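Visitor: Quick one: the structure is below, questions incoming.
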Amino acid sequence: MSVATAVEIAGLKLKNPVMTASGTVGFGEEYAPYLDLSKLGALVIKTVTLRPRAGNPPPRIAETPAGVLNAVGLQNPGVEVLVRDVLPRLARFEVPVIVSIAGETVDEYARLAARLEGVPGIAALEVNISCPNVKAGGIAFGTHPDMAAEVVAAVKRHTGFPVIVKLSPNVTDIRTIALAAAGAGAGALSLINTLSGMVIDVERRRPLLGNVSGGLSGPAIRPVAVRAVWQVYQAVNLPLIGMGGIMTARDALEFIMAGARAVAVGTANLVNPGAAGEVAAGLARYLEEQGIADINELVGVAHRAEGGTAD
């Protein structure tokens with residue numbers, strides 16, 4: 001049986017719904033020996049900032065039960081190196097490249113969008129709003145509806161690329177942030193980013209991470225992420241990209257049935273460099289086994305099931 005796996009996100013057509021989560025595969029080249037990038041729906045590269053960032057002091061990563069806590073600190077070479085050196089090299093891979101951007105002020109987001117506008121090799125921008133707003137006392141943009149909307153609107157004014165807004169789960173109600181981002185012009189939403197957490201080294205009697213706290217990812221957060229997708233699907237009429245602990249095709253299917261049109265594989269890449277490709281192949285196999293002609297038939301299907309309207 002021939003099955004269709006193509007999906008569309010904010011006008012961006014993908015051959016299948018599987019992409020990488022920003023920050024888990026570097027700029028993609030590092031994984032090319034282990035993963036055929038052309039088999040992905042899209043490659044989301046690590047977040048870039050206006051200027052180079054050294055990141056946080058080590059230790060930066062700690063294993064947790066069914067997850068990983070990281071505090072890398074957005075280490076990256078800056079947007080000029082991305083444009084000059086990285087994007088031209090990625091052109092040899094037949095995969096749409098989504099650039100994740102972050103800033104410490106609204107102006108920085110706007111300047112990043114303007115700098116990247118029209119640059120060859122970019123398919124879309126992912127706006128990481130989990131960053132602290134230095135002009136608002138370090139409150140993360142993604143935890144306040146008005147600040148989130150201000151960032152999205154600023155980016156939209158300076159780019160013609162599809163704008164995907166990455167939502168933080170570290171809020172009281174993620175739907176309020178989703179509605180704010182949608183109202184400001186977001187073309188799609190990706191969720192969720194990592195949950196805030198920390199680990200104590202009981203021998204040294206101090207926080208294990210050099211940054212004290214970090215972001216929790218991996219299978220431990222998957223139920224939280226699936227529920228977030230479920231809620232936002234009911235609240236906002238935008239394509240959603242689900243992420244958070246996807247290790248297998250079955251995990252990805254949970255997100256798709258909850259309302260995600262695409263999914264991103266993150267922490268799994270750290271333990272299995274071929275994970276994203278395996279998830280994509282597994283989704284196609286599931287369609288064949290179940291006699292489903294098109295992956296889009298499964299988007300949000302759980303909401304239409306009996307008892308599927310509960311919060």
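Just so it is clear, none of the values below were taken in a lab; they were calculated from the coordinates. All figures in this text were calculated on a predicted structure; none of them were measured in a lab. Please note: Cβ atoms are built from the backbone with ideal geometry, for glycine as well, and neighbour counts cover all protein chains shown.
Visitor: Any aspartates and glutamates with Cα under 13 Å of the LYS46 Cα? List them, leaving off those in the same chain fewer than 8 positions away.
Guide: Cα-Cα hits under 13 Å: GLU29, GLU30, GLU126.
Visitor: Specify which residue in the list PRO132, ASN296, GLY214 is farthest towards the positive end of the charge dipole of the chain, using unit charges on the beta carbon of Lys, Arg (+1) and Asp, Glu (-1), about the Cα centre.
Guide: Looking along the dipole axis, the top candidate is PRO132.
Visitor: Once the dipole of the chain is set up with Lys and Arg at +1 and Asp and Glu at -1 on Cβ about the Cα centre, which of MET247, THR24, LEU37 lies farthest towards its positive end?
Guide: Checking the options against the dipole of the chain, the answer is THR24.
Visitor: Given Cβ point charges of +1 (Lys, Arg) and -1 (Asp, Glu) and nothing else, what value in debye, to the nearest 20, does the dipole of the chain about its Cα centre take?
Guide: Roughly 580 debye, rounded to the nearest 20.
Visitor: Something else: With a cut-off of at most 11 other beta carbons within 10 Å, and DSSP calling the residue loop, which trypsin sites (Lys or Arg not before Pro) in the range 84-169 qualify? Please list them. Can you show the working numbers first?
Guide: Values: sites: ARG84, ARG89, ARG92, ARG111, ARG115, LYS135, LYS156, ARG157, LYS166; in loops: ARG92.
Here the sparse-neighbourhood loop sites are ARG92.
Visitor: Also: Could you name the lysines in cross-link range of LYS39, using Cα to Cα under 18 Å and dropping any fewer than eight places away on the same chain?
Guide: LYS13, LYS15
Visitor: If one computes the Cα centroid of the range 111-127 and of the range 1-78, what distance in Å separates the two points?
Guide: Each part reduced to its Cα centre gives a spacing of 16 Å.
Visitor: Ignoring solvent entirely, what values of log10 I(q)/I(0) come out of the Debye formula for the chain at 0.07, 0.14 Å⁻¹ when each Cα is a single scatterer?
Guide: Log10 I(q)/I(0), no solvent term: -0.24, -1.05.
Visitor: Still on this structure, please answer the following. Test of understanding: ordering VAL44, VAL83, VAL299 by Cβ neighbours within 10 Å, fewest first, what list do you get?
Guide: Ordered by Cβ neighbours within 10 Å, fewest first: VAL83, VAL299, VAL44.
Visitor: Now, a different point. Taking 8 Å as the Cα distance limit and 6 or more residues as the minimum spacing, I'd like the relative contact order of the chain as a percentage.
Guide: The value is 21 percent.
Visitor: So, one more: Quote to one decimal, in nm, the extra length available between ALA136 and SER2 on full extension: 0.36 nm per residue of separation minus the C-alpha distance between them.
Guide: On the way: separation 134, 0.36 × 134 = 48.24 nm, distance 5.29 nm.
Difference between extended and current length: 43.0 nm.
Visitor: Over the alpha-carbon set of the range 214-255, divide Rg by the Kirkwood Rh and report the Rg/Rh ratio to two decimals.
Guide: 0.99
Visitor: Something else now. Tell me, what is the FRET efficiency for ALA281 and GLN234 to the nearest 0.05, using R0 = 25 angstrom and their Cβ-Cβ distance as r?
Guide: Taking R0 as 25 Å, the efficiency between ALA281 and GLN234 is 0.25.
Visitor: Work out the charge dipole of the chain with +1 on the Cβ of Lys and Arg and -1 on the Cβ of Asp and Glu about the Cα centre, then indicate which of VAL48, ASN193, GLY160 is farthest towards its positive end.
Guide: The residue sitting farthest along the positive end of the dipole is VAL48.
Visitor: With a ≥ b ≥ c taken as the square roots of the eigenvalues of the C-alpha gyration tensor of the range 222-311, please select rounded if a/c is under 1.5 and otherwise prolate if a/b is larger than b/c or oblate if it is not?
Guide: Taking the square roots of the gyration eigenvalues as a ≥ b ≥ c, the range 222-311 is oblate.
Visitor: What share of the DSSP beta bridges in the chain is antiparallel, in percent to the nearest 5?
Guide: Expressed as a percentage, antiparallel bridges in the chain total about 45.
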